[in-house]
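K.L.:
Take a look at this one; I'll ask things after.
The values are calculated or read from the model by the stated rules, or taken from the named source; none is laboratory data. Owing to the predicted nature of the structure, the values given are computational and were not obtained by experimental measurement. Cβ atoms come from the backbone with ideal geometry, glycine included; neighbour counts cover every protein chain shown.
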Amino acid sequence: MLTLIKAHGSENQFFLLDQSQLTKPLTTTELSRTTRHLCHPQTGLLDGADGLLVIGSNPACLGTMRVINADGSEAKMCGNGLRTVSRYLAEKSGKSRFQVATLEANLDVSRSASLAPNVPAFSVQIAPISMAAATLPFAYHQLPELFNTAVPEFVPNQTFTAIAVPNPHLISFVDQIESDVLGDLGQRLNTPNPYFPEGVNVSFAKVLGPNRLFVQTYERGVGFTNACGTGMSATSLAFTMQFPTLFDPASDLVVLNPGGLVKTHVALGKTPATSTLRLIGNATFTAKITLDESDFRAGNFSTVRIETTDEEAAYQAFVHHAKRSVL
């Protein structure tokens with residue numbers, strides 16, 4: 001029998017698959033096909049999800065994480081997802097601090113104090129960081145990087161900053177977030193375009209006050225999500241550079257999103273690449289799904305057994321109280 005976990009970080013929804021349970025690990029092609037079916041809101045389980053997080057083994061770390069988006073593409077990293085994988089590995093191993101291998105880096109993770117009763121939390125490193133156009137990759141008038149720069153081809157009268165962490169992000173601080181404008185730009189930059197040949201996650205952010213932000217993200221390979229962990233992390237770094245008088249380096253940033261809120265910690269280095277980022281937030285398990293491995297491989301979910309938890313109600317109560325206190 002195989003057990004999947006339905007989980008979320010700031011309502012960024014995932015299924016967790018530990019490949020060690022399988023008689024034979026799924027190939028990349030099989031993972032892509034399975035994810036598209038599993039995460040689809042109509043054909044999948046429990047109204048689908050934003051992606052599948054695939055947990056494996058690595059001799060240098062406690063475990064590995066691969067991120068398969070809902071459309072079957074693979075992302076380099078997922079900050080919200082890493083918190084849920086960290087919780088899974090912590091409970092499996094009994095450890096509270098360790099490393100998880102992602103596609104580009106081995107990242108430090110640790111258990112944090114619960115945000116509220118029955119709302120477990122984890123702190124995860126977000127790295128590596130780069131603003132180099134070649135790294136993102138990005139091209140606009142041969143600029144070596146994009147920082148607080150007007151790009152009228154994107155949206156008139158807005159400035160943009162591009163940061164890879166390592167997923168590529170395009171960030172714009174605005175007085176008011178217009179979801180239709182964000183959605184249009186996100187769609188344009190994630191179809192063939194001359195600026196981001198591999199697509200990009202697009203975030204609009206509103207500054208709420210010192211160390212306070214609201215961020216909404218259109219994610220590459222997914223579309224609108226309730227939250228994007230690497231997007232909130234990249235936006236936090238951009239905020240510290242663009243609004244230095246509103247940044248208190250001694251305190252965490254509080255970042256609100258449509259799915260709740262997280263905290264980020266930014267330690268600025270001499271360059272963005274030498275800065276450090278940490279993302280702190282919930283790791284909520286909402287259901288455990290049990291099924292035969294053969295059915296899972298065949299995409300047959302008709303015989304699954306689902307055991308829900310009471311963690312979602314606790315998370316929603318936390319979000320309601322926390323947003324009232326922040327706003």
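K.L.:
What tally of residues in segment 149-196 results from selecting those that are of a type in the set (Val, Ile, Thr), touching a residue at least 60 places away in the same chain (Cβ under 8 Å) and not in a loop (DSSP other than H, G, I, E, B)?
P.N.:
Number satisfying all stated conditions: 3.
K.L.:
Of the conditions (1) outside any strand (DSSP E or B); (2) surrounded by 15 or more Cβ atoms within 10 Å (Cβ to Cβ); (3) of a type in the set (A, V, I, L, M, F, W, C), Phe122 satisfies every one except a single condition; which number is it?
P.N.:
(1)
K.L.:
Would you mind finding the one in Thr286, Thr225, Thr271, Thr245 that is polar (S, T, N, Q) and within 17 Å of Ser179 (Cβ to Cβ)?
P.N.:
Selected residue: Thr225, the only one of Thr286, Thr225, Thr271, Thr245 that is polar (S, T, N, Q) and within 17 Å of Ser179 (Cβ to Cβ).
K.L.:
Quick check: is even one residue across segment 209-217 out of contact with any Cys (no Cβ under 7 Å at 6 or more places or on another chain) and assigned to a loop (DSSP other than H, G, I, E, B)?
P.N.:
Scanning segment 209-217, I find at least one residue that is out of contact with any Cys (no Cβ under 7 Å at 6 or more places or on another chain) and assigned to a loop (DSSP other than H, G, I, E, B), so the answer is yes.
K.L.:
Take the conditions farther than 22 Å from Phe224 by Cα, outside any strand (DSSP E or B) and in contact with a helix residue (DSSP H, G or I) (Cβ under 9 Å, 6 or more places away or on another chain) and apply them to Arg278. Does it pass?
P.N.:
Considered against the rule, which asks whether it is farther than 22 Å from Phe224 by Cα, outside any strand (DSSP E or B) and in contact with a helix residue (DSSP H, G or I) (Cβ under 9 Å, 6 or more places away or on another chain), Arg278 comes out as no.
K.L.:
Of all residues in segment 218-259, count the ones that are among the β-branched types (Val, Ile, Thr) and without any contact (Cβ under 8 Å) to a residue 12 or more places away in the chain.
P.N.:
Looking only at that region, the number is 1.
Okay, residues lined up against (1) of a type in the set (A, V, I, L, M, F, W, C); (2) outside the structural domain of Ser114 (by TED's automatic domain parsing); (3) under 18 Å from Lys263 (Cα atoms); (4) touching a Ser or Thr at 6+ places or on another chain (Cβ under 6 Å):
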| site | (1), (2), (3), (4) |
| --- | --- |
| Ala287 | yes, no, no, yes |
| Ala298 | yes, no, no, no |
| Ile306 | yes, no, no, no |
| Glu312 | no, no, no, yes |
| Val319 | yes, no, yes, no |
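K.L.:
Next up: Across segment 298-327, what is the number of residues that are over 18 Å from Phe14 (Cα atoms) and either of a type in the set (Asp, Glu) or crowded, with 16+ Cβ neighbours inside 10 Å (or both)?
P.N.:
So the answer is 4.
K.L.:
If Tyr315 satisfies every condition in (1) more than 30 Å from Leu2 (Cβ to Cβ); (2) outside any strand (DSSP E or B) but one, which is the exception?
P.N.:
(1)
K.L.:
Those residues that are surrounded by fewer than 23 Cβ atoms within 10 Å (Cβ to Cβ) and under 17 Å from Val165 (Cα atoms), I need them from segment 246-265; list them, please.
P.N.:
Lys263, His265
K.L.:
Also, I was wondering about something else. Mind listing just one residue for me: the one in segment 1-44 that is of a type in the set (Gly, Ala, Ser) and assigned to a loop (DSSP other than H, G, I, E, B) and, of those, farthest from the chain's Cα centre (by Cα)?
P.N.:
Checking each candidate, the answer is Gly44.
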